[in-house]
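The values are calculated or read from the model by the stated rules, or taken from the named source; none is laboratory data. Note that this is a predicted model, so its numbers are computed, not measured. Here the Cβ positions follow ideal geometry from the backbone for every residue, glycine too, while neighbour counts run over all protein chains shown.
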Amino acid sequence: MAFEGLTSRLQNVFGKLRGKGKLSEEDVNEAMREVRLALLEADVNFKVVKDFIAKVKEQAVGAEVTKSFTPGMVVIDIVNKELTELMGGTQSKLAKSNRPPTVILMAGLQGAGKTTSSGKLAKMLMKDKHRPLLVACDIYRPAAIKQLQVLGEGIGAPVFTMGDKTSPVEIARAGLAHAKEHGNDYVIIDTAGRLHIDEALMEELRQVHEVANPDEVLLVVDAMTGQEAVNVAQSFHSQLELTGVVLTKLDGDTRGGAALSVKAVTGTPIKFVATGEKIEPLEPFHPSRMASRILG
Ligand code: GDP
């Protein structure tokens with residue numbers, strides 16, 4: 001599961017702190033040096049690490065820590081609070097349009113888990129008694145449309161397709177009209193991914209964005225790619241104004257760098273995480289729960 005390395009490193013550091021009745025400034029500095037290394041090893045962006053350590057240190061050498069009978073615990077609380085802040089503080093919920101349908105544009109590189117996550121998102125919405133429509137706008141990857149259809153069938157969600165000869169912009173437009181006619185209150189648009197970010201991909205996304213006028217633009221990124229996921233998020237965000245990130249493959253990410261850096265680097269919150277290939281409901285991301293999990 002995620003964060004194994006980071007969790008055991010931090011437990012080690014805090015184990016030492018907990019045992020002490022009083023903390024000197026040097027104790028705190030030593031602990032922070034180790035936390036810094038642990039975060040860097042977890043592939044957290046170096047600037048994010050630097051700011052994080054500065055914030056924790058500032059509080060950890062403060063009066064409350066020195067006055068406390070359990071100073072180690074106070075430091076752990078500070079780290080917990082700052083980790084939570086780093087990941088966005090509070091849970092960022094999915095947008096909801098006042099005038100349904102709520103339109104969600106799913107973007108991301110090929111293989112990130114976009115189509116799978118679209119299915120999971122539909123399943124999550126259906127669990128809450130919504131009626132999502134999946135719209136197949138990935139006309140380039142040969143199996144993508146079929147994959148979405150099979151996925152939709154599996155969970156009982158309708159899938160709107162127009163094959164691979166119509167432009168994604170037209171499919172999006174027709175998909176929206178279809179949703180309005182059929183009373184679907186959410187529209188999930190699965191767009192094409194590329195192996196790398198390129199101008200053609202962005203231009204097409206911008207056009208689909210323009211006709212769909214989405215309430216949410218969710219970028220799907222693969223947690224296992226660490227800082228690369230953060231770079232991808234930054235590039236997309238600079239061109240498309242993302243409203244949230246879906247962090248996939250957290251089940252295979254042992255380091256956790258993407259989860260800890262995405263919000264701080266891009267300003268875009270992680271809204272959901274995915275932890276497997278099976279089509280389960282997408283899991284909302286809770287910064288505080290994740291922080292507690294990291295601390296073990
Ligand atoms: P897309 O190209 O972005 O649409 O990616 P797909 O949805 O086709 O996913 C690519 C591969 O990643 C597939 O084999 C999925 O089963 C797998 N996948 C997607 N999400 C997850 C996840 O959260 N965990 C794991 N382990 N695999 C995932």
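Would you pick out the residues in region 207-242 that are among the β-branched types (Val, Ile, Thr) and under 9 Å from Leu105 (Cβ atoms)? Answer for region 207-242, where residues must be among the β-branched types (Val, Ile, Thr) and under 9 Å from Leu105 (Cβ atoms): Val208, Val217.
Could you tell me whether Glu283 is surrounded by fewer than 20 Cβ atoms within 10 Å (Cβ to Cβ), more than 13 Å from Glu85 (Cα to Cα), within 14 Å of the ligand (Cβ to nearest atom) and under 12 Å from the mean Cα position of the chain (by Cα)? It is true that Glu283 is surrounded by fewer than 20 Cβ atoms within 10 Å (Cβ to Cβ), more than 13 Å from Glu85 (Cα to Cα), within 14 Å of the ligand (Cβ to nearest atom) and under 12 Å from the mean Cα position of the chain (by Cα). Filtering region 11-30 to residues that are under 17 Å from Gln59 (Cβ atoms), in contact (Cβ under 8 Å) with a residue 40 or more places away in the chain, assigned to a helix (DSSP H, G or I) and not β-branched (Val, Ile, Thr) leaves Phe14, Leu17. From the list Ala136, Ala177, Ala200, the one residue that fits, being surrounded by 17 or more Cβ atoms within 10 Å (Cβ to Cβ) and either of a type in the set (A, V, I, L, M, F, W, C) or within 13 Å of the ligand (Cβ to nearest atom) (or both), is Ala136.
Residues considered: Ala107, Ala112, Ala157. Of these, the only one that is more than 13 Å from the ligand (Cβ to nearest atom), outside any helix (DSSP H, G or I) and either of a type in the set (Asp, Glu) or at pLDDT 95 or above (or both) is Ala157.
Within region 81-92, identify whether any single residue is under 18 Å from Ala291 (Cα atoms), more than 16 Å from the ligand (Cβ to nearest atom), of a type in the set (S, T, N, Q) and surrounded by fewer than 19 Cβ atoms within 10 Å (Cβ to Cβ), and answer yes or no.
Checked region 81-92: at least one residue is under 18 Å from Ala291 (Cα atoms), more than 16 Å from the ligand (Cβ to nearest atom), of a type in the set (S, T, N, Q) and surrounded by fewer than 19 Cβ atoms within 10 Å (Cβ to Cβ).
Residues in region 1-35 that are surrounded by 18 or more Cβ atoms within 10 Å (Cβ to Cβ), modelled with pLDDT under 85 and either under 30 Å from the mean Cα position of the chain (by Cα) or polar (S, T, N, Q) (or both): Ala2, Phe3. Within region 18-45, the residues that satisfy the criterion of being under 30 Å from Asp251 (Cα atoms) and among the hydrophobic types (A, V, I, L, M, F, W, C) are Ala31, Met32, Val35, Leu37, Ala38, Leu39, Leu40, Ala42, Val44.
Every condition in (1) under 25 Å from the mean Cα position of the chain (by Cα); (2) free of Cβ contacts under 8 Å to residues at least 40 places away in the same chain; (3) assigned to a loop (DSSP other than H, G, I, E, B) is met by Arg99 except one, and the failing one is (1).
Which one is farthest from the ligand (Cβ to nearest atom), of the residues in region 183-193 that are within 18 Å of Gln147 (Cα to Cα) and in a strand (DSSP E or B)? Can you show your working first?
So in region 183-193, the residues within 18 Å of Gln147 (Cα to Cα) come out as 187-193.
Those still in the list that are in a strand (DSSP E or B) too: 187-190.
On the way: Val187: 17, Ile188: 12, Ile189: 12, Asp190: 7 Å.
The extreme case among them is Val187.
Residues in region 245-270 that are more than 16 Å from the ligand (Cβ to nearest atom) and buried (at least 22 other Cβ atoms within 10 Å of the Cβ) were compared, and the one that is nearest to Leu6 (Cα to Cα) is Gly257.
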